[in-house]
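The values are calculated or read from the model by the stated rules, or taken from the named source; none is laboratory data. The structure presented is a predicted model; accordingly, all values stated were derived computationally and were not measured. Here the Cβ is made from the backbone with ideal geometry for all residues, glycine too, and neighbour counts use every protein chain on show. Side chains included, ligands, DNA and RNA excluded: accessible areas come from the protein's heavy atoms. Shrake-Rupley method; radii C 1.70, N 1.55, O 1.52, S 1.80 Å.
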Amino acid sequence: MFRIINFLRVSPCFPVHLRVTALFLFVSLNLSAQKNPVFDLIPQVNPLFKSGKEFSLRDTIFVYHQPNKKGNAEYLKFLFEKYFGDSYALVLGEFETYLEHESPYKYYDLQSPRIMLFEDSKTGDSEFYQLEVSEEVISIDGGEIGLKRGMNTLIQLIGVENDYFKFAPVQQDIYNFKRAKKSIGSPLDSTNLIQTKQWISLQPMIIDDHPKFSHRGMLLDCARHFFSVETVKKYLDLMALYKMNVLHWHLTEDQGWRIEIDKYPNLTKVGAWRTEKDGTKYGGYYTKKQIHEIVAYAMERGITVIPEIELPGHSQAAIASYPWLSCTGEQVEVVNDWGVFKEIYCAGNESTFEFLENVLTEVMELFPSKYIHIGGDEVPKYRWEHCDKCQNRIQSENLKDEHELQSYFIQRIEKFLQKNGRELIGWDEILEGGLSATATVQSWRGFEGGIKAAENGNGVVMSPTSHCYFDYGLQSIDLKKVYEFNPIPSELEVQFHKNILGGECNLWSEHIPDEANLDSKVFPRILAMSEVLWTAPEKRNYAEFYNRVQEHYPMLEKLEVKYGLETTPAKIQTFVKEGKIYATMVSEIPNATYEIRWDEKEMELDGDFTQFEKLEKDTFEVKDWKLSVKVLKNGKPYGEKVEQFFEFHKAIGAKVTYHSNFSRWYPAAGEQALVDGRVGIIDFKDGNWQGFWGEPIDVEIDLGSIKEFERIFIRFFQYQNSWIFRPKSMKIDLSEDHLTWNTYQDSDFGEEKSNNEKMIWYDRSNKSTLNKARYIKIHVENYGKVPDWHEAAGQDCWLFLDEIIVK
């Protein structure tokens, strides 16, 4: 029965609809119970088992393809060589050769393993594929791209599902040595057919597979740090293996211009290089030849490369190359620091638009993608506000303000792209001031921008910072958090779901100087993203996915991927009861064990805390200023130690009433964060710092009773590069009865000076004679706007604090 059906499937002259009908009859007759086993594939598939013997791989595998479709077979051969080295020799040929038993295959036993590749452009979904395994033949059907998806599934079936990468080869195989009579094509030395290898068998099955979302992307920022052509290709192969289909290539920034433009040679002579703070030169760029090579390499793997040419902000490297692009015309340097900078393209200069149209013309010649990404994010309006040409543009175009000027800028570029048959995609700031009906929005500042755009009828790519920013640390976004990502927000009405194209993981490279750092940031989190974007939510299960991830590590090691951790080794959770701090260890690592150190004292955390006051199982009182935890996974150290610092004082656990709003992006522990005893480190993303965006801090603390103290102080974080400034002023009032208030401190801290160092700041100057109170009222004035001397002049300032300490 199988031989007849196989002929129907592979014969290029046999009608597609009859081939499908025959296949249906075959499936109905030969499937066993429709079992959905858990395979170790990522993204997951749901195969249907068939009855019959297993398919056994031998040294030599014959791959048959349609006429003029040799490229499909060559790609499969590339995959086998890449993942399995010389374990298998693939011999390629057309279907007719197999059917007619003609030379050059007459010397080989046709019972040898065979793989049939059938490219069918009428499958509907371009990425749908069907992979069928039977005793003698593996067949893969699909469109041009779907066929490639099926081939990568086969690689995982052989390599991961059969533990190929986990164990050393163990069995002698001389099967084809006995049958090999002469060489075919490029010589196959018969001695090479005698190899010690692991015996691989695949159980009979059929896999029908297709993606949930059409846009499954990864952003690679090569502008802040430059990555070689070889690294980009490595990631294209890894993306293909896990069925990601869009490389969002970030090529221009304040810190570097990475794409060769013939009409403007200074972009690479000047803009591609920066002088680092230690005086060294850093940079690089991709020639047009290299870009053609990368785009072609991606297309061969079913991946679209979307270039991003940032405008009107994040453009100082271009302005350093051609100062007339700016509002001032002054010479500036390519930026050697991180942040958002006020030097942006002048919207009042016609020469700016001429420049961008010329650049984009050359970009479109290099990239055949439907979309051109123009950025559009984080555009400080300071230069436009002080530029006569930009203000004249606002008046002449009847615009309300600089936000509408940005919309004018974006829409003008969009019309140019549309005239050239392309579509614009930009970050969600392009919604500000009005958005055209045809632009596509990439939503990064949460889901709100994407929801608004989808409701307006625009296409949307979701990549919120909450789930998709892989440059963020694991304390913010770990493997599980990525897996919980759903590009379709629950609050979006069903009729708008079709406007959500998919999602992206974003890899910004400020702090990723080399490939090792790149690997550890991307892997294993991209495995979660690949399944989120390929597999429907109702078919996903994190615990089962986590187990599959463990099976992929041997293959990643074989590929020299220096993957990182799945999550922070442990989280030290705390709560306050009756003024005491209690801690417990929580880890996403199954069966994790811990070793803890209190300052200089060390003990193993095994559930026995006899020397500590226990509140409940595995929960104990914190009595020292520093708690360090080392996590063991399967008995081996997992990651670096986790530390938490504490400050003991009389306001711990007090009632706090907020009269201003902290940022939902930096909530710390919510309304108890300022009196929980936990203090932060020099990292405002460590989970201990509470942030206020453009707002003052107004809180009131009730100590529960009148208490005496020596002093009150507040710990603030300062990092001007990220717009985090110390307070403008601070006022603290005290009361014993909530009726009569006395001022404990009223300080104006004056103007801020430039200081790009990260630091923890608090005022030690207060020497009040007041030393007791029950109620404490605190008003901290936000610095307001970023000062004129700052690169992001005019933006709102952040105010961060971690603890109000009543010592």
Of Glu791, Glu736, which residue is of a type in the set (D, E, K, R) and within 17 Å of Asp337 (Cβ to Cβ)?
-> Glu791
Looking at Val494, is it under 14 Å from the mean Cα position of the chain (by Cα) and under 19 Å from Lys212 (Cβ atoms)?
-> no
Search segment 650-669 for residues that are within 14 Å of Gly694 (Cα to Cα) and pair each with any residue that is in a strand (DSSP E or B) and of a type in the set (Gly, Ala, Ser) when their beta-carbon atoms are under 7 Å apart and the residues are at least 6 apart or on different chains.
-> Phe662/Gly691; Ser663/Gly691; Trp665/Gly691; Tyr666/Gly691
Answer with yes or no whether Val629 is modelled with pLDDT of 85 or more and farther than 30 Å from Asp702 by Cα.
-> yes
Note on segment 642-656: residues in a strand (DSSP E or B) and either open to solvent by 30 Å² or more (accessible area, probe 1.4 Å) or aliphatic (A, V, I, L, M) (or both) are Val642, Glu643, Phe645, Lys655, Val656
Report yes if Glu621 is under 30 Å from Val699 (Cα atoms), open to solvent by less than 40 Å² (accessible area, probe 1.4 Å) and at pLDDT 85 or above, otherwise no.
-> yes
Out of curiosity, is Lys263 touching a strand residue (DSSP E or B) at 6+ places or on another chain (Cβ under 6 Å), more than 27 Å from Phe523 (Cα to Cα), surrounded by fewer than 23 Cβ atoms within 10 Å (Cβ to Cβ) and modelled with pLDDT of 95 or more?
-> no
Of the conditions (1) farther than 25 Å from Glu119 by Cβ; (2) modelled with pLDDT of 85 or more, Val45 fails just one. Which one is it?
-> (1)
Would you mention how many residues in segment 434-472 are out of contact with any strand residue (DSSP E or B) (no Cβ under 9 Å at 6 or more places or on another chain) and either surrounded by fewer than 16 Cβ atoms within 10 Å (Cβ to Cβ) or of a type in the set (A, V, I, L, M) (or both)?
-> 5
If we keep only residues of segment 216-244 that are touching a Gly at 6+ places or on another chain (Cβ under 6 Å) and part of a loop (DSSP other than H, G, I, E, B), then the residue nearest to Ser369 (Cα to Cα) is Ala223
For segment 251-293, how many residues meet the condition of being assigned to a strand (DSSP E or B) and aliphatic (A, V, I, L, M)?
-> 1
Which of (1) assigned to a helix (DSSP H, G or I); (2) closer than 19 Å to Gly146 by Cα is the odd one out, the single condition Gly302 does not satisfy?
-> (1)
Of all residues in segment 657-681, count the ones that are open to solvent by 40 Å² or more (accessible area, probe 1.4 Å) and either within 24 Å of the chain's Cα centre (by Cα) or on the phi > 0 side of the Ramachandran plot (or both).
-> 4
For Ser768, the lone unmet condition from (1) in contact with a helix residue (DSSP H, G or I) (Cβ under 9 Å, 6 or more places away or on another chain); (2) within 24 Å of Ile652 (Cα to Cα); (3) among the small types (Gly, Ala, Ser) is (1)
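Yes or no, residue by residue, for (1) surrounded by fewer than 24 Cβ atoms within 10 Å (Cβ to Cβ); (2) of a type in the set (A, V, I, L, M); (3) touching a residue at least 24 places away in the same chain (Cβ under 8 Å):
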site	(1), (2), (3)
His250	no, no, yes
Gln255	no, no, yes
Thr275	yes, no, yes
Ile294	yes, yes, yes
Gln316	no, no, yes
Gly329	yes, no, no
Note: among Ile200, Ile158, just one is modelled with pLDDT under 95 and in contact with a Leu (Cβ under 6 Å, 6 or more places away or on another chain), namely Ile200
Of the residues Glu350, Glu385, which single one is free of Cβ contacts under 8 Å to residues at least 12 places away in the same chain and open to solvent by 10 Å² or more (accessible area, probe 1.4 Å)?
-> Glu350
Collect the residues in segment 309-348 that are at pLDDT 95 or above and either part of a helix (DSSP H, G or I) or of a type in the set (Phe, Trp, Tyr) (or both), keeping them in residue-number order.
-> Gln316, Ala317, Ala318, Ile319, Ala320, Ser321, Tyr322, Pro323, Trp324, Leu325, Tyr345
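Quick grid of which residues meet (1) free of Cβ contacts under 8 Å to residues at least 24 places away in the same chain; (2) among the charged types (D, E, K, R); (3) over 22 Å from Ile303 (Cα atoms):
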site: Thr465; (1), (2), (3): no, no, yes
site: Asp471; (1), (2), (3): no, yes, yes
site: Gln475; (1), (2), (3): no, no, yes
site: Asp478; (1), (2), (3): no, yes, yes
site: Gly503; (1), (2), (3): no, no, no
State whether the residues of segment 336-344 include one that is over 28 Å from Ile430 (Cβ atoms) and among the aromatic types (Phe, Trp, Tyr).
-> no
Just for strands (runs of 3 or more DSSP E) wholly inside segment 712-797: which have at least 3 residues that are aromatic (Phe, Trp, Tyr)?
-> 712-718
Counting only residues in segment 745-778 that are open to solvent by 60 Å² or more (accessible area, probe 1.4 Å) and at pLDDT 95 or above, the one nearest to Phe709 (Cα to Cα) is identified as Arg774
Across segment 523-538, what is the total count of residues that are over 10 Å from the mean Cα position of the chain (by Cα) and either free of Cβ contacts under 8 Å to residues at least 40 places away in the same chain or not in a helix (DSSP H, G or I) (or both)?
-> 4
Hits in segment 552-583 - residues which are over 30 Å from Phe167 (Cβ atoms) and either touching a helix residue (DSSP H, G or I) at 6+ places or on another chain (Cβ under 8 Å) or open to solvent by 30 Å² or more (accessible area, probe 1.4 Å) (or both) | Lys571, Gln573, Thr574, Phe575, Val576, Lys577, Glu578, Gly579, Lys580
